[in-house]
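Peer 1: Below: one structure in structure tokens.
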Amino acid sequence: MEAKATRVGYGEMILELGRQNKNIVVLSADVTASTNSHLFAKEFPNRFFNIGISEQDMICEAAGLSLVGKISFVSAYAIFATGRTWDQIRNTICYCDLNVKIIGTHSGLMVGPDGATHQALEDIAITRAIPNLKVISPCDYLETKKAVKAIVHDFGPTYLRLGREKTPIITEENTPFKIGKANILRDGIDVTIFATGVMVSEALKAAEILEHENLSLRVVNVHTIKPLDKNTIIKCAKETGAIVTAEEHQIVGGLGSAIAETLGMNYPVPIEMVGMKDSFGESGEPFELLKYYGLSDIEIIKAVKNVLLRKKF
């Protein structure tokens, strides 16, 4: 299976869109090559701004550019793009509902050797709580390209969560992408697995393994954390009666929490959550870290079997 980093999809698509729309501007916090915004910078030096290691300033400058009609893309490591700038995102961008797109690369555990200080495992929680801010977590390279194109045409603040490491490409060119609409990638009747980001491919692997044990699993790619596709979530809960969530993020405040909130108020069913269990990460090889912290197909399989024990048949 071919693998590419989602940050590469961003770099390629923002360059393509920049050729079509002269109002697109890109800002970087001195991580131009790492975030793949160097492609845009090379071709459009007059529409690219390297602010340096000053993420708060970058957000405020992007806000100013949006006020004169620009579509501002700010790019930095996810931990700094959301954590260090939370005040500016909330009060300068989202309170004023400005057209700024926050691109957080190097998210989650799969930053790998960079360790805990650079592993953004809380970014979904702290962004989805802010009014007016959309939160999108693509599952692969191709979906990232579609997401970048979609947010250019969707006015308002957006946080796009991307990764550093190459991950499997599991979607196709014709796979639909619509902000706020989850995609059912595999149908099943016993349990629904809601996954986001790199964990979608892990969920598909788990479903394939469990098929040999006569278990039928539905796998749903929740690329948009906010606005959440509540209709699909409730429908799947009614049809399969049991839910597993999977994310490369803290369980607290992430995708699992968002889905539990929705079902708790609409259609409660048993839920098991796969994700970081209230801990920091450490340095290591990306996919080894996923397994070490229980963010792999193995843990998803365990969660499926546990939730089936609680399911009301």
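Peer 1: Given the criteria surrounded by 20 or more Cβ atoms within 10 Å (Cβ to Cβ), over 24 Å from Ile179 (Cα atoms) and out of contact with any Asp or Glu (no Cβ under 9 Å at 6 or more places or on another chain), does Glu61 qualify?
Peer 2: Answer is no for this residue.
Peer 1: Does Arg90 count as in contact with a helix residue (DSSP H, G or I) (Cβ under 9 Å, 6 or more places away or on another chain) and either at pLDDT 95 or above or over 30 Å from Leu204 (Cα atoms) (or both)?
Peer 2: For Arg90, the condition - in contact with a helix residue (DSSP H, G or I) (Cβ under 9 Å, 6 or more places away or on another chain) and either at pLDDT 95 or above or over 30 Å from Leu204 (Cα atoms) (or both) - is not met.
Peer 1: For region 245-262, give me each residue that is part of a helix (DSSP H, G or I) and either touching a Lys or Arg at 6+ places or on another chain (Cβ under 7 Å) or aliphatic (A, V, I, L, M) (or both). Can you show your working first?
Peer 2: We begin by selecting, within region 245-262, every residue part of a helix (DSSP H, G or I); these are 255-262.
Residues satisfying the conditions are Leu255, Ala258, Ile259, Ala260, Thr262.
Peer 1: Among the residues that make up region 276-284, is at least one of them out of contact with any Phe, Trp or Tyr (no Cβ under 8 Å at 6 or more places or on another chain), in the same structural domain as Ala195 (by TED's automatic domain parsing) and surrounded by 15 or more Cβ atoms within 10 Å (Cβ to Cβ)?
Peer 2: No: region 276-284 contains no residue that is out of contact with any Phe, Trp or Tyr (no Cβ under 8 Å at 6 or more places or on another chain), in the same structural domain as Ala195 (by TED's automatic domain parsing) and surrounded by 15 or more Cβ atoms within 10 Å (Cβ to Cβ).
Peer 1: Checking Ile53 against (1) within 30 Å of Ser283 (Cβ to Cβ); (2) at pLDDT 95 or above; (3) of a type in the set (Val, Ile, Thr), only one condition comes out false. Which one?
Peer 2: All conditions pass for Ile53, except number (2).
Peer 1: For residues that are in contact with a strand residue (DSSP E or B) (Cβ under 7 Å, 6 or more places away or on another chain) and part of a helix (DSSP H, G or I), tally how many sit in region 13-52.
Peer 2: Total meeting the criteria: 6.
Peer 1: Run down Leu133, Leu160, Leu98, Leu121 and say which single residue is of a type outside the set (Gly, Ala, Ser), closer than 22 Å to Leu295 by Cβ and in contact with a Pro (Cβ under 8 Å, 6 or more places away or on another chain).
Peer 2: That would be Leu160, the only listed residue that is of a type outside the set (Gly, Ala, Ser), closer than 22 Å to Leu295 by Cβ and in contact with a Pro (Cβ under 8 Å, 6 or more places away or on another chain).
Conditions tested, residue by residue: (1) over 14 Å from Ala62 (Cβ atoms); (2) in the same structural domain as Ile14 (by TED's automatic domain parsing); (3) charged (D, E, K, R).
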residue	(1), (2), (3)
Tyr77	yes, yes, no
Thr105	yes, yes, no
Pro113	yes, yes, no
Thr127	yes, yes, no
Cys139	yes, yes, no
Asn174	yes, no, no
Lys178	yes, no, yes
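Peer 1: In the list Thr245, Thr232, Thr262, which residue meets the criterion of being touching a residue at least 24 places away in the same chain (Cβ under 8 Å), within 24 Å of Arg164 (Cβ to Cβ) and surrounded by 16 or more Cβ atoms within 10 Å (Cβ to Cβ)? Step through it out loud before you land on a result.
Peer 2: Numbers: Thr232 fails: within 24 Å of Arg164 (Cβ to Cβ); Thr262 fails: within 24 Å of Arg164 (Cβ to Cβ).
It is Thr245.
Peer 1: Please go through region 154-165 and pick out each residue that is touching a Ser or Thr at 6+ places or on another chain (Cβ under 8 Å) and either in a loop (DSSP other than H, G, I, E, B) or at pLDDT below 95 (or both).
Peer 2: Leu162, Gly163, Arg164
Peer 1: Shifting gears a bit: Which pairs turn up if I take residues in region 267-286 that are free of Cβ contacts under 8 Å to residues at least 40 places away in the same chain and under 15 Å from Gly112 (Cβ atoms) and look for partners that are part of a strand (DSSP E or B) and aliphatic (A, V, I, L, M) with beta carbon separation below 9 Å, at least 6 apart in sequence or on another chain?
Peer 2: Correct list of pairs: empty, since none qualify.
Peer 1: Any chance you could count how many residues in region 213-223 are surrounded by fewer than 24 Cβ atoms within 10 Å (Cβ to Cβ) and in contact (Cβ under 8 Å) with a residue 60 or more places away in the chain?
Peer 2: Residues flagged as surrounded by fewer than 24 Cβ atoms within 10 Å (Cβ to Cβ) and in contact (Cβ under 8 Å) with a residue 60 or more places away in the chain within region 213-223 amount to 1.
Peer 1: Name the one entry in Ile151, Ile170, Ile102 that is crowded, with 20+ Cβ neighbours inside 10 Å, part of a loop (DSSP other than H, G, I, E, B) and more than 11 Å from the chain's Cα centre (by Cα).
Peer 2: Ile170
Peer 1: Being out of contact with any strand residue (DSSP E or B) (no Cβ under 7 Å at 6 or more places or on another chain) and assigned to a helix (DSSP H, G or I) narrows it down to one of Val111, Val68, so name that one.
Peer 2: Val111 is the lone residue from the list that is out of contact with any strand residue (DSSP E or B) (no Cβ under 7 Å at 6 or more places or on another chain) and assigned to a helix (DSSP H, G or I).
The values are calculated or read from the model by the stated rules, or taken from the named source; none is laboratory data. The shown structure was predicted, so the numbers you read here are calculated from the model rather than taken from an experiment. Virtual Cβ from ideal backbone geometry, glycine too; neighbours counted across all protein chains shown.
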